[in-house]
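Step one of this worksheet: look at the structure below.
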Amino acid sequence: MSIRIGIVGDFDPGFQPHVATNAALAHVVSAGLCVEAEWLSTLSLDGPSSIDGFHGVWVAPGSPYKNLLGVLSAIRFAREQNVPLLGTCGGFQHIILEYARHVLGFSDAAHAEYDPYASNLFISSLACSLVGRSLPITLKPESFVSTLYGTNAITEQYYCNFGVNPEHVSTLESGPLRIVGSDEEGEVRVVELAEHPFFVGTLYVPQLRSSMTKPHPLILGFVRAAARFASQHSGLANRYVSASQRDSTG
């Protein structure tokens, strides 16, 4: 069975994390998994039908995206409909933004890369760029992510200049999104959504540490979750749209 993964992002063949994303999905073949990946330009995202037929959604690095609201719509659909979702680097940042807006109720939640002067920044500039740096991360014991790694102590590579605004960490912790990974200074680096088959965001870029002989455990876990979804669902987005239309017409 071919597992269809929609990669949300504006593909740039000269951008290392994008090339690594394609490679990491190819690496899972060594674990007996067959992936059919398709890049979804953010400009093409205009509602749930844009990701109909995909068994998993990967929100790739490369922000600012050309269509912010389209990306948030894709994340929201995956979150609400239990579609496996992985967000790395920019994807992580937009998971936080979507969650703040649509779960915590902060409609003005903003990202500094789009509007550095916004009054309610949930994603702000990092004090020091992490581009190209490999740093240790501590995972919470018994978290979903730690079980995928098989350890609570990991080292991963970054490619970002933005992260969670420290002023909003306690706010984020008030809902079901769990902060399960932090760096040595206690800064948020990994989140996961409780009661979801697979909904994980990492500020680092795990695809940079994947290889054909050793597929990255987080990406392998994501694809396996997508395979389970594929065996259980079909045409989900169309049913979602139909239900929404019925609701709007009473």
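Using DSSP to define loop residues, name the trypsin sites (Lys or Arg not before Pro) in the stretch 17-90 whose beta-carbon has at most 15 other beta-carbon atoms within 10 Å.
When the trypsin sites (Lys or Arg not before Pro) of the stretch 17-90 are filtered for loop state and at most 15 Cβ neighbours within 10 Å, K66 remain.
Quick one: putting +1 on the C-beta of Lys and Arg, -1 on the C-beta of Asp and Glu, what dipole do you get for the chain around its Cα centre, in Debye to the nearest 20?
The calculated dipole for the chain is roughly 660 debye.
Between N120 and N161, what length comes free when the chain is fully extended (0.36 nm per residue of separation minus the Cα-Cα distance, one decimal in nm)?
Result: 12.9 nm gained on full extension.
Would you mind checking which residues have amide H under 5 Å from L85's amide H? H placed 1.01 Å from N; only 5 or more apart, or other chain.
Under 5 Å from the amide H of L85 lie the amide H atoms of V57, F198, F199, V200, each far enough along the sequence or on another chain.
Roughly what would the spin-label model give for F106 and S30, points 7 Å off Cα along C-beta, in nm?
Placing both labels 7 Å along Cα→Cβ, they lie 4.0 nm apart.
Along the charge dipole of the chain, which of Q207, G175, F106 sits closest to the positive end, that is, farthest toward it, with unit charges on the beta carbon of Lys, Arg, Asp and Glu (+1, +1, -1, -1)?
About the Cα centre, the residue reaching furthest to the positive side is Q207.
Below 12 angstrom from the Cβ of S124, what's the summed charge of the other residues (Lys, Arg +1; Asp, Glu -1)? List each step's numbers first, then the result.
Numbers: positive: none; negative: E113, D115, E167, E187.
Counting the neighbours of S124, the net charge comes to -4.
Mark the label point 7 Å from the Cα of S49 along Cα→Cβ and return the residues of the stretch 77-104 whose backbone N is within less than 18 Å of it.
Within reach of a label on S49, which here means backbone N under 18 Å from a point 7 Å along Cα→Cβ, the stretch 77-104 contributes 77-78.
Show me, for the stretch 46-56, the HN-Hα J-couplings you get by feeding each phi into the Karplus relation (A = 6.51, B = -1.76, C = 1.60, θ = phi - 60°), rounded to Hz, glycine and proline as x.
10, x, x, 4, 5, 10, 4, x, 8, 8, x
Return the sequence-ordered ³J(HN,Hα) values of the stretch 100-110 in whole Hz as given by the Karplus equation 6.51 cos²θ - 1.76 cosθ + 1.60 applied to θ = phi - 60°, using x for Gly and Pro.
In residue order, the calculated couplings are 4, 6, 9, 10, 7, x, 8, 5, 9, 4, 10 Hz.
Whole-Hz ³J(HN,Hα) for each residue in the stretch 65-79, computed from phi via Karplus 6.51 cos²θ - 1.76 cosθ + 1.60 with θ = phi - 60°, x for glycine and proline: what do you get?
Those phi angles translate into 6, 5, 9, 4, 5, x, 5, 5, 5, 5, 5, 4, 4, 4, 5 Hz.
Run through the stretch 9-106 and list the GluC sites (Glu not before Pro) located in a DSSP loop whose Cβ has at most 16 other Cβ atoms within 10 Å.
none
Under a GNM of the chain (C-alpha, springs under 10 Å), which listed residue has the highest mean-square fluctuation: G47, G150, G221?
G150
Could you let me know the centre-to-centre spacing of the stretch 55-87 and the stretch 172-236, using Cα atoms, in angstrom?
Between the Cα centre of the stretch 55-87 and that of the stretch 172-236, the gap is 13 Å.
Exactly which GluC sites (Glu not before Pro) in the stretch 120-169 are in a DSSP loop and have at most 12 other Cβ atoms within 10 Å? Don't skip to the answer; put the middle values down first.
On the way: sites: E142, E156, E167; in loops: E142.
Sparse-neighbourhood loop GluC sites (Glu not before Pro): E142.
Could you identify which residue out of H233, H111, H55 has the top mean-square fluctuation in a GNM of the chain using Cα springs shorter than 10 Å?
Among H233, H111, H55, the largest GNM mean-square fluctuation belongs to H233.
Restricting to the chain, what percent of DSSP beta bridges are antiparallel, rounded to 5?
Antiparallel: roughly 45 percent of the beta bridges in the chain.
Tell me, in nm to one decimal, what length is gained between S182 and A23 on full extension, where the rule is 0.36 nm per residue of separation less the Cα-Cα distance?
Value of the extension gain: 54.6 nm.
With springs only between Cα atoms under 10 Å apart, run a GNM on the chain and tell me which of Y114, Y159, Y65 wobbles the most.
Residue with maximal mean-square fluctuation among Y114, Y159, Y65: Y114.
Where a number appears in this text, it was derived from the coordinates with a stated rule and is not lab data. Just so it is clear, the structure is predicted and the values come from calculations on it, not from any experiment. Cβ coordinates were reconstructed from backbone atoms using ideal geometry, including for glycine residues, and neighbour counts include every protein chain displayed.
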